Amino acid sequence: MMVPVRCFTCGKVVGGVYEEYLKLVNEKKEDPKKAMESLGIERYCCKRTIFSHVDLIDEIAKFPS
């Protein structure tokens, strides 16, 4: 599924940082905490929104509608 556009708690826009976060952590092997801070995600609620997201679109796309 798609990453939420806004944080559920505070309403900050977090949808645009998910892909950049994955690049920093997976490709550049940056520490997740430093990656979040460099992207401007500082509140716990926003971090939770990004960390708890599970990308299931590839799994769901296998099944016909």
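The values are calculated or read from the model by the stated rules, or taken from the named source; none is laboratory data. Only a predicted model underlies this, so the values are computations on that prediction, with no experimental measurement involved. FYI the Cβ positions are ideal-geometry reconstructions off the backbone, even for glycines, and counts take in every protein chain you see. Just the protein is used for accessible areas: all its heavy atoms, side chains included, with ligands, DNA and RNA removed. Shrake-Rupley method; radii C 1.70, N 1.55, O 1.52, S 1.80 Å.
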Item checked: segment 7-41 versus segment 43-65: alpha-carbon centroid distance in Å -> 14
Next item on the list: Starting with the highest mean, order 25-36, 4-15 by the number of other Cβ atoms within 10 Å, averaged over the residues of each peptide.
Entry: 4-15, 25-36
Notebook entry, point to check: Dipole magnitude of the chain about its Cα centre, charges +1 at Lys/Arg Cβ and -1 at Asp/Glu Cβ only, in debye to the nearest 20?
Noted result: 260
Note to self: How high is the relative contact order of segment 5-65? Use alpha-carbon pairs under 8 Å, at least six apart in sequence, and give a whole percent.
What the structure shows: 33
Next item on the list: Could you please state how large a percent of the accessible area of the chain is carbon and sulfur, counting protein chains only and using a 1.4 Å probe?
Entry: 57
Margin query: Run the reach check for K28 against lysines, Cα to Cα strictly under 24 Å, same-chain hits fewer than 8 apart removed. What comes back?
Written below: K47
Note to self: If I compute Cα extents along the principal axes in Å from the structure I just sent, which labelled value in (i) 29, 28, 18; (ii) 49, 25, 17; (iii) 40, 29, 15 lines up?
What the structure shows: (iii)
Checklist line | Surface accessible to a 1.4 Å probe, per residue, for the residues of the chain, Å² | finding: 77
